[in-house]
Every structure is written in structure tokens, then in C-alpha cells.
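*Asks:* Here it is: the structure, laid out below.
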Amino acid sequence: MPKYVLALDQGTTSSRAILFDRSQNITGVEQREFLQVYPREGWVEHDPMEIYSSQYAVMMELLAKRDISPADIAAIGITNQRETTVVWDKKTGRPVYNAIVWQCRRTSGIVDGLVKKQGMADHIKKTTGLVPDAYFSGTKIKWILDHVSGARERAGKGELLFGTVDTWLMWKLSDGAIHATDYTNASRTMMFDIHALDWDDTLLQALGIPRKMLPAVYPSGHRYGFASIQGTKIPIAAAAGDQQAALFGQCCFNKGEAKNTYGTGCFLLMNTGSEPCESRNGLITTIAAGLDSAVQYALEGSVFVAGAVIQWLRDEMRLFPESADSEYYASKLSDTGGVYMVPAFTGLGAPYWDMYARGCIVGITRGTKRSHIIRAAQESIAYQSMDLVRAMEKDTGTKISELKVDGGASKNNFLMQFQADITGAVMRRPVIRETTAMGAAFLAGITSGFWQGPDEVRDKWQCGTVFAPDMDGERRTELIAGWHKAVGRSRDWAAL
Ligand code: ADP
């Protein structure tokens with residue numbers, strides 16, 4: 001009887017393989033970083049072959065180091081950096097161009113064309129749930145077809161295939177037998193109708209993308225096919241984009257349940273149930289990871305600069321040597337002495353959407369010390385997330401009384417307590433914070449019968465630390481008013 005489920009977590013900077021046992025314990029992790037390619041200012045690429053080879057290498061290393069036979073693995077679940085785009089030759093398996101990474105801004109002009117010349121903004125929002133942006137895959141595919149010699153013609157003849165990273169990995173692992181993706185990844189392409197659960201012909205036409213090159217789309221938990229490993233066929237039983245996988249890994253299976261991931265930026269996702277919720281506050285509507293075609297939807301909001309502000313204080317301002325030190329400085333104080341930092345380094349996202357906003361530190365007096373600024377930086381992560389929570393509450397009409405948290409900066413107890421205080425909601429931090437990989441493992445494990453279903457997974461899931469709000473309402477209101485005043489100072493800056 002197989003003992004493990006294997007999660008392949010293909011992220012933006014590294015590929016990881018993580019093994020889970022039946023009790024949801026991690027029994028092994030291997031990780032390998034790969035090259036980031038920056039051909040020009042604002043352009044970001046990966047070598048698809050390196051994405052695959054690094055992912056394959058960590059998987060094999062994990063098995064070899066622990067002497068695990070492929071037969072011990074019940075199923076593989078894949079989770080991946082979202083939106084990143086690969087186009088390859090169906091016969092040779094060779095990519096026709098590097099993978100264009102989600103961060104890459106090269107297709108902003110194409111998006112402008114879709115919005116201004118072709119008047120597609122409303123259609124995009126209504127059909128795909130997205131705000132038109134270069135972030136998503138559709139315009140990246142168009143760019144490749146426009147710029148690689150002969151690519152559009154070959155795509156029209158069915159000689160080229162497109163995939164997000166999950167699709168690319170499944171195709172490689174199955175020797176070309178699987179050309180598929182899941183609803184979560186498809187919902188990030190800006191070509192997928194999230195209501196009809198099919199590619200949208202109007203958008204395909206506007207982008208000049210032939211249907212022939214697109215993968216089949218299935219639920220996240222699905223028997224996609226098999227990876228052939230050392231002569232053993234292991235079922236690939238799940239694929240899901242990283243943030244949706246984390247939502248599942250946090251057991252947010254029901255409407256109203258939400259999680260926030262504190263990494264470089266923050267990603268807040270809330271399960272909104274079987275009906276998509278259209279945002280009036282700058283959030284994105286997306287499909288949540290699930291086990292069948294009766295999909296559940298999610299609202300998503302992101303903070304551009306979260307943990308990154310701590311890195312900035314550490315590496316550029318040199319205020320402390322380790323990110324974890326930030327907590328010590330913050331905990332020494334009872335407040336920031338009226339100092340606020342707004343880390344709008346690249347503008348502000350939801351609910352402000354001000355690309356001309358820039359970072360600022362306000363309220364400085366002669367008494368301001370280094371630790372006040374360090375504390376203000378950490379508080380800024382919580383304030384920005386609180387703004388997203390409020391936007392989500394407005395959109396859904398549901399009060400968020402509890403958030404599951406994960407990501408590197410969720411280790412910071414001061415930050416988590418302040419988040420609870422300022423939001424007026426309970427923060428629950430799980431024992432195992434590898435929630436992205438866990439989500440992929442849960443989906444694959446349930447689909448393959450390794451676990452009985454969501455209930456079993458939820459029963460075994462362990463909450464670690466709980467942070468309950470402990471701030472009186474008056475003080476909260478006063479602090480939030482100060483934050484919004486500070487945000488006002490950061491806005492409309494670069495345009496001057
Ligand atoms: P990503 O997946 O986006 O690379 P991680 O989840 O690995 O991010 O988290 C790394 C981020 O968390 C970094 O920006 C780092 O500055 C921040 N971070 C790590 N530890 C702490 C801490 N104790 N307090 C605050 N921020 C932290």
C-alpha cells in the first residue's frame with residue numbers, strides 16, 4: 001500500500017519536491033533554485049527546460065536520498081507559479097521561446113490595445129473575472145506568436161502547444177501524453193470563461209490564438225494521467241496554481257473561509273462558494289481549487305510589497321542583519337510614536353489602484369528612533385492586508401472573522417498579533433506552513449483515494465498558534481485613520 005503523496009511545487013525562484021505521509025507530516029523536502037533571465041528592464045523569463053530539469057532533479061533526489069520506491073507513492077500533485085507561459089513544438093518537445101514569467105511587463109502595450117482600441121475591458125472583466133493586465137498569460141502567448149518567426153502559422157496548423165507551468169510539467173512527465181491544465185490555472189490566462197468553464201472565442205480571436213494549441217481543462221483534483229518514473233507509472237492526480245493550492249491547503253473548503261499568505265507580497269484569497277463574486281473594489285474573481293466540475297470561486301487581492309519591505313530595511317537601509325530581528329525591535333515598543341510607513345514602492349494595488357503612489361515615511365519627530373521605523377514597516381504589512389479584508393467584506397457582504405495565515409513573514413508573532421488587532425479578526429497559523437504544497441498533496445491524495453475526502457484532511461489538519469484581537473475599538477479606529485492619512489500622502493506622487 002503506498003505510503004506517500006508527492007507534491008511538486010514549481011515556484012518562481014525554485015522547484016521543490018515535498019513528500020507527505022498519511023498523517024500529513026512532511027517526510028522529505030528537496031529544493032533547487034534556477035536561473036532568472038532579465039533580457040531587458042521589466043522583462044522576466046525562465047528556461048522551460050530548466051524548470052523541468054530542476055523539478056525532475058529534486059523529485060529524483062527526494063526518492064533516492066530516502067530510498068523510496070516510486071511504488072510507495074500514491075499520487076503526484078502539482079502546484080505552480082501562475083500565469084507563466086510556455087509555448088513548445090508538439091513533435092520535438094522543444095520550447096519555441098523562453099517561458100515568459102508572470103512578472104514580465106513586456107505585453108503592457110498589447111493590453112492597452114485590447115482595452116483602448118478594441119474596447120475589451122468590460123468583456124475581460126465579465127468573462128474572465130480579471131482586471132486587464134500584462135500579468136496574465138493571454139497577451140504573453142500573443143507576444144510569442146507575434147515575435148517568433150513562423151510561430152503563428154505553425155500554431156494554426158496545430159504544431160505548437162501552449163501551457164502554463166503545470167501543463168508543461170505534466171506534458172514532460174508523461175512523455176507528451178497529457179496536454180491539460182486545471183480550472184485555477186486556466187482562470188489566470190485572461191482567455192478562459194470562468195462561468196462557462198471553457199476558453200472564450202472572442203478573446204482568442206482578439207489575441208489571434210488558435211484553440212488547437214490550448215490544453216484541455218479539468219478540475220484541480222483529477223486523474224490527469226501518469227508520470228513514468230523508473231519504469232513505474234505514478235498517477236498525476238492534481239494540478240493547481242500556487243495561491244489556490246494554498247487556499248485548499250489551509251482547508252478553506254467552504255464559502256466565507258479565507259487565507260492570507262505573507263511572502264514578498266501578500267495574497268489574500270476567500271472562497272466565495274458556487275457563485276462568482278464580481279468585485280467593485282479592485283479585487284479579482286478567480287476559480288478555487290476543487291475536486292469536481294461544480295467549481296467554487298474565490299476573490300483574490302494582493303499587496304505588492306509586504307515581506308519585501310523587511311528585506312528593504314535589512315539590505316538597503318541596513319537596520320538589522322536578519323529578517324527575524326525585525327520582530328524584536330517592534331516588540332520593544334508599545335507603538336510607533338505616530339510614525340507610519342507606506343511601502344508603495346511600485347504603486348498601490350487594491351483597493352487604491354494608484355500606479356503613481358510611491359513609498360513614504362510620515363509622522364517623524366525628533367524622538368523617532370530606528371525601532372519606530374522598523375515597527376512601522378511591519379505594521380504597514382498588516383494595514384495593507386486589512387485594507388484588502390475590508391474590500392473583500394464590502395464585495396461579499398460577509399464579515400471576515402477569521403483568517404488562516406502562512407508564508408515566510410507569518411512566522412513573525414508581532415505581525416500576526418498586530419494583524420489580528422487591527423483587523424479585529426482571529427489569525428490561525430497552521431503547524432505546517434507549507435500550505436501550497438499541502439494543497440497540491442491534499443487534492444492528489446483525495447483524488448487517488450489516499451485520503452477519504454476533505455473531511456478526513458480537515459480532521460488531521462493542525463492549527464498551530466492562534467492570534468486573537470486584543471485592542472480596544474477606539475484605538476483601532478484611531479490607528480486606521482492615521483494609516484489612511486499616510487496612504488493619502490503617498491498617493492499621486494510619481495506623476496508630479
Ligand atoms: P516568497 O515565497 O514570496 O519568496 P516567503 O514566503 O519565502 O516569500 O517569505 C519571504 C519573505 O518574508 C521575505 O520578504 C522576508 O523579508 C519576509 N520575512 C521572513 N521572515 C520574516 C520575519 N520574521 N518577519 C518579517 N518578515 C519576514
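*Asks:* Scan region 458-468 and tell me whether some residue there is touching a residue at least 12 places away in the same chain (Cβ under 8 Å) and among the basic types (Lys, Arg).
*Replies:* Taking every residue of region 458-468 in turn, at least one turns out to be touching a residue at least 12 places away in the same chain (Cβ under 8 Å) and among the basic types (Lys, Arg).
*Asks:* State whether the residues of region 291-300 include one that is among the aromatic types (Phe, Trp, Tyr) and within 16 Å of the ligand (Cβ to nearest atom).
*Replies:* no
*Asks:* Taking region 22-54, which residues are in a strand (DSSP E or B), more than 16 Å from Ile234 (Cβ to Cβ) and either touching a residue at least 24 places away in the same chain (Cβ under 8 Å) or open to solvent by less than 40 Å² (accessible area, probe 1.4 Å) (or both)?
*Replies:* Ile26, Thr27, Val29, Glu30, Gln31, Arg32, Val37, Glu45, His46
*Asks:* Are there any pairs with C-beta distances below 8 angstrom linking a residue in region 204-221 that is under 17 Å from Ala151 (Cβ atoms) and basic (Lys, Arg) to a residue that is outside any loop (DSSP other than H, G, I, E, B) and open to solvent by 30 Å² or more (accessible area, probe 1.4 Å), with the two at least 6 apart or on different chains, and if so which?
*Replies:* Every condition considered, the pairs that remain are Arg211/Asp201; Lys212/Gly156.
*Asks:* Also, I was wondering about something else. Here are the criteria: (1) at pLDDT below 95; (2) within 15 Å of the ligand (Cβ to nearest atom). Tell me which single one Tyr356 does not satisfy.
*Replies:* Just one mismatch for Tyr356, condition (2).
*Asks:* Please find, within region 370-406, the residue that is least open to solvent (accessible area, probe 1.4 Å) out of those that are part of a loop (DSSP other than H, G, I, E, B) and without any contact (Cβ under 8 Å) to a residue 12 or more places away in the chain.
*Replies:* Gly397
*Asks:* Quick one: what pairs do we get from region 307-321, first residue within 19 Å of Phe267 (Cβ to Cβ) and in a helix (DSSP H, G or I), second of a type in the set (Ser, Thr, Tyr) and within 9 Å of the ligand (Cβ to nearest atom), C-beta under 7 Å, 6+ apart or different chains?
*Replies:* Gly307/Tyr262; Gly307/Thr264; Ala308/Thr264; Ile310/Ser323; Ile310/Ser326; Gln311/Ser323
*Asks:* Condition check: modelled with pLDDT of 95 or more and either in contact with a strand residue (DSSP E or B) (Cβ under 6 Å, 6 or more places away or on another chain) or more than 22 Å from Val466 (Cα to Cα) (or both). Does Val362 satisfy that?
*Replies:* Against the criterion (modelled with pLDDT of 95 or more and either in contact with a strand residue (DSSP E or B) (Cβ under 6 Å, 6 or more places away or on another chain) or more than 22 Å from Val466 (Cα to Cα) (or both)), Val362 qualifies.
*Asks:* Moving on. Suppose we filter region 112-135 for residues that are under 24 Å from Thr184 (Cβ atoms) and modelled with pLDDT of 90 or more; how many remain?
*Replies:* Selection size over region 112-135: 12.
*Asks:* Which fully enclosed helices (runs of 4 or more DSSP H) of region 421-496 have 1 or more residues being touching a His at 6+ places or on another chain (Cβ under 9 Å)?
*Replies:* Result: 435-447.
*Asks:* While we're on this one: Glu327: in a helix (DSSP H, G or I) and in contact with a Phe, Trp or Tyr (Cβ under 8 Å, 6 or more places away or on another chain), yes or no?
*Replies:* Yes; evaluated as a whole, the condition is true for this residue.
*Asks:* Pull up region 228-265, narrow it to residues that are closer than 13 Å to Lys404 by Cα and among the hydrophobic types (A, V, I, L, M, F, W, C), then point me to the one that is farthest from the ligand (Cβ to nearest atom).
*Replies:* Phe253
*Asks:* Residue by residue through region 98-152, note down the ones that are surrounded by fewer than 20 Cβ atoms within 10 Å (Cβ to Cβ), hydroxyl-bearing (Ser, Thr, Tyr) and within 24 Å of the chain's Cα centre (by Cα).
*Replies:* Ser108, Thr127 - these are the residues of region 98-152 that are surrounded by fewer than 20 Cβ atoms within 10 Å (Cβ to Cβ), hydroxyl-bearing (Ser, Thr, Tyr) and within 24 Å of the chain's Cα centre (by Cα).
*Asks:* Further question: Kindly indicate the residue of region 330-349 that is assigned to a strand (DSSP E or B) and more than 16 Å from the ligand (Cβ to nearest atom) and also nearest to Gln311 (Cα to Cα) among those meeting that condition.
*Replies:* If we take residues in region 330-349 being assigned to a strand (DSSP E or B) and more than 16 Å from the ligand (Cβ to nearest atom), then Val342 is nearest to Gln311 (Cα to Cα).
*Asks:* Hey, any hits in region 109-122 for a residue that's over 20 Å from Thr202 (Cα atoms) and touching a residue at least 24 places away in the same chain (Cβ under 8 Å)?
*Replies:* No, region 109-122 has no match at all.
*Asks:* While we're here: Tell me which of these Asp9 doesn't satisfy, since it passes every other one: (1) surrounded by fewer than 19 Cβ atoms within 10 Å (Cβ to Cβ); (2) of a type in the set (Asp, Glu); (3) within 16 Å of the ligand (Cβ to nearest atom); (4) touching a residue at least 40 places away in the same chain (Cβ under 8 Å).
*Replies:* (1) is the only condition that Asp9 fails.
*Asks:* Let me ask you something else. Six or more apart or on different chains, Cβ under 7 Å: which pairs go from a residue in region 327-340 that's closer than 21 Å to Cys360 by Cα to one that's acidic (Asp, Glu)? Could you list them?
*Replies:* As it stands, the answer is Thr336/Glu379, since those pairs meet every condition given.
*Asks:* Next up: Can you pull out every residue in region 407-441 that is within 11 Å of the ligand (Cβ to nearest atom), open to solvent by less than 10 Å² (accessible area, probe 1.4 Å) and either touching a Pro at 6+ places or on another chain (Cβ under 8 Å) or under 20 Å from Gln462 (Cα atoms) (or both)?
*Replies:* Ser410, Met416, Thr435 - these are the residues of region 407-441 that are within 11 Å of the ligand (Cβ to nearest atom), open to solvent by less than 10 Å² (accessible area, probe 1.4 Å) and either touching a Pro at 6+ places or on another chain (Cβ under 8 Å) or under 20 Å from Gln462 (Cα atoms) (or both).
*Asks:* State all residues of region 68-97 that are of a type in the set (Gly, Ala, Ser) and open to solvent by 10 Å² or more (accessible area, probe 1.4 Å); if no residue qualifies, say none.
*Replies:* Answer for region 68-97, where residues must be of a type in the set (Gly, Ala, Ser) and open to solvent by 10 Å² or more (accessible area, probe 1.4 Å): Ser69, Ala71, Ala74.
*Asks:* I'm trying to understand the selection: among the residues of region 17-30, which are in contact with a helix residue (DSSP H, G or I) (Cβ under 6 Å, 6 or more places away or on another chain) and within 16 Å of the ligand (Cβ to nearest atom)?
*Replies:* Hit for region 17-30 is Ile18, nothing else.
*Asks:* Do you know which residues across region 357-369 are over 21 Å from Gly408 (Cβ atoms) and surrounded by fewer than 24 Cβ atoms within 10 Å (Cβ to Cβ)?
*Replies:* Arg358, Cys360, Ile361, Val362, Gly363, Ile364, Thr365, Arg366, Gly367, Thr368, Lys369
The values are calculated or read from the model by the stated rules, or taken from the named source; none is laboratory data. Keep in mind that this is a model prediction, so the values were computed, not measured. For neighbour counting, all protein chains shown are included, and Cβ atoms are generated from backbone atoms with ideal geometry for every residue, glycine included. With ligands, DNA and RNA removed, areas are computed over all heavy atoms of the protein, side chains included. Shrake-Rupley method; radii C 1.70, N 1.55, O 1.52, S 1.80 Å.
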